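The structure under discussion appears below in the form of structure tokens.
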2 protein chains.
Amino acid sequence: MVARGRVVADGRPSVGKPQMRARVLKAAMVAIAEVGPDRVRVQDIADRAGMSTGHVLYYFGRRDRILIDTLLLSEVDLAAVRDRRLARTPDAWAAVDVLARLYLADGPTDVRWKLWAQLIARPPTDAQTVRAFAEVIDSWGIALENVIRRGVATGVMRTDDPAEVAYRTCRCMDGLSLEILLATRGRSRAWAVRLVNDSVRRELATTGD
Amino acid sequence: MVARGRVVADGRPSVGKPQMRARVLKAAMVAIAEVGPDRVRVQDIADRAGMSTGHVLYYFGRRDRILIDTLLLSEVDLAAVRDRRLARTPDAWAAVDVLARLYLADGPTDVRWKLWAQLIARPPTDAQTVRAFAEVIDSWGIALENVIRRGVATGVMRTDDPAEVAYRTCRCMDGLSLEILLATRGRSRAWAVRLVNDSVRRELATTGD
DNA sequence: TGCTGATCTAGAGTGGCGCTCTAACTTGCG
DNA sequence: CGCAAGTTAGAGCGCCACTCTAGATCAGCA
């Protein structure tokens, strides 16, 4: 036993000083943005946090966990922004546009989506983390579903199954974001935003729209 | 100059013995299936090919290139299967089903999609490879577009823009495959196949269908 | 057949990096 | 002060991609 204050097996460290974790995650965001999530070293993060590599790993156990928590943190932040903006946007069509712009990748170097790509390439195994990511993904679908329900309620949209449309639209935006990341063709972000808006409008528009 | 028979800078090796490359790629497929594309070592591939690691890298230069070429090879094979089966399937709705089943990930361990994930996480930089992958992606869109055109021609489908529907459907299948890979919820392959079939049918069905 | 240069093959060597481990330092509490 | 728990640093280990070099094999030629 003795438990030398170290990290518990595969879970989160139970040790204190959450501000240290926050500092590391902040540094990680910067480092990832500069170096890229695939190339970033623990050393890069430690440098920017003003700590040693051993110290950083004392809090996170594994390098992967730093990237995972960074993504989770950025998703939590983004979800807050999303919910705030959606609440401020009464028109359902405008809300769809807001959501699409927040969800879709900014460009080939979009940090958030590059982290997602990293995660999918090496998926986490522990149930806790898997559930956390499932909730993040769900929250986008639910947010869009609510927008659509509002559109239906206000009479500007029409559908039998808001949840299905929302889910499918999110998966489509996933694919679009991946193509933006790959940057194979000219397929730009602006083009993807327009495609999402158009296809949703075509599917949900009431007759007169 | 002198060029000691080595690999040219970032491109393909110009050296002979293509059967050696083929042998490595075949071994790579096995190794990747067993170990996973993220964990597979050059040693694993070399072992299965009956060669040394140095020998393997003599032909491919970088580990990444092995994975890239493995994916390209498997895509070429799959495209051949796809075109053959589609040619044998006159009914457009049935053809959509065939294509969806070939395109979508088999399950959380699907090798082809795991390689795609790997590729997106660390995208290739050289123009030649980027173009090759763009063509692979395009070929799926074009194949689906042709199916839809056939459906329209035979009067069982209706749409203004077959290319747009095909493209969007492919991106949706990308997103679905990613979720199958992540295996967060019960979202299974069978469920995804049905979703694609249903949504395409809903979008393209003629009135009486 | 023996010579020569090009190509091929093997494996030892190198460097980098994730991760571990130990030892020292700080803090809190009686 | 003294002890224990928690915190910090950094040296060290092991692994793995990639490099380098030296030898093997082969092709063409006299």
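The values are calculated or read from the model by the stated rules, or taken from the named source; none is laboratory data. Just so it is clear, the model here is predicted, and its values are computed rather than measured. In this analysis, Cβ positions are derived from the backbone assuming ideal geometry, glycine residues included, and neighbour counts consider all displayed protein chains. Surface accessibility is based on the protein's heavy atoms, side chains included, excluding ligands, DNA and RNA. Shrake-Rupley method; radii C 1.70, N 1.55, O 1.52, S 1.80 Å.
Cβ separations smaller than 7 Å between residues 6+ apart or across chains give the following pairs from the stretch A:126-151 residues that are touching a residue at least 12 places away in the same chain (Cβ under 8 Å) to residues that are polar (S, T, N, Q) and part of a helix (DSSP H, G or I): A:144/A:169. All of A:88, A:82, A:149, A:122 fail the test of being at pLDDT below 95, basic (Lys, Arg) and assigned by TED's automatic domain parsing to the domain that holds residue A:196, apart from A:122.
Screening B:96, B:111, B:76 for residues that are more than 11 Å from chain A (Cβ to nearest Cβ) and over 20 Å from residue B:190 (Cβ atoms) leaves exactly one candidate, B:76.
Restricting the first member to the stretch B:57-71 and to residues that are within 14 Å of chain A (Cβ to nearest Cβ), and the second to residues that are more than 12 Å from DNA strand C (Cβ to nearest atom) and hydrophobic (A, V, I, L, M, F, W, C), the beta-carbon pairs closer than 7 Å and six or more apart or on different chains are B:67/B:115; B:68/B:119; B:71/B:115; B:71/B:116; B:71/B:119.
The condition of being under 11 Å from the mean Cα position of the chain (by Cα), within 14 Å of chain A (Cβ to nearest Cβ) and outside any helix (DSSP H, G or I) holds for residue B:105. Just one of the listed residues (B:35, B:81) is surrounded by fewer than 19 Cβ atoms within 10 Å (Cβ to Cβ) and without any contact (Cβ under 8 Å) to a residue 12 or more places away in the chain, namely B:35. In this structure, residue B:118 qualifies as within 16 Å of residue A:121 (Cβ to Cβ) and open to solvent by 40 Å² or more (accessible area, probe 1.4 Å). For the stretch B:119-134, a tally of residues being in a helix (DSSP H, G or I) and within 9 Å of chain A (Cβ to nearest Cβ) returns 7. Return yes when residue A:190 is hydrophobic (A, V, I, L, M, F, W, C), assigned to a helix (DSSP H, G or I), surrounded by fewer than 17 Cβ atoms within 10 Å (Cβ to Cβ) and away from every other protein chain (no Cβ under 11 Å) and no when it is not. In short, yes. Name the residues in the stretch A:193-209 that are under 14 Å from residue A:147 (Cβ atoms) and open to solvent by 20 Å² or more (accessible area, probe 1.4 Å), would you? Matches in the stretch A:193-209: A:197, A:201, A:203. Looking at the stretch A:160-180, can you tell me whether even one residue there is away from chain B (no Cβ under 11 Å), open to solvent by 30 Å² or more (accessible area, probe 1.4 Å) and part of a helix (DSSP H, G or I)? Yes.
Examine the stretch A:9-21 for a residue that is at pLDDT 95 or above, part of a loop (DSSP other than H, G, I, E, B) and under 23 Å from the mean Cα position of the chain (by Cα), and state whether such a residue exists. No: the stretch A:9-21 contains no residue that is at pLDDT 95 or above, part of a loop (DSSP other than H, G, I, E, B) and under 23 Å from the mean Cα position of the chain (by Cα).
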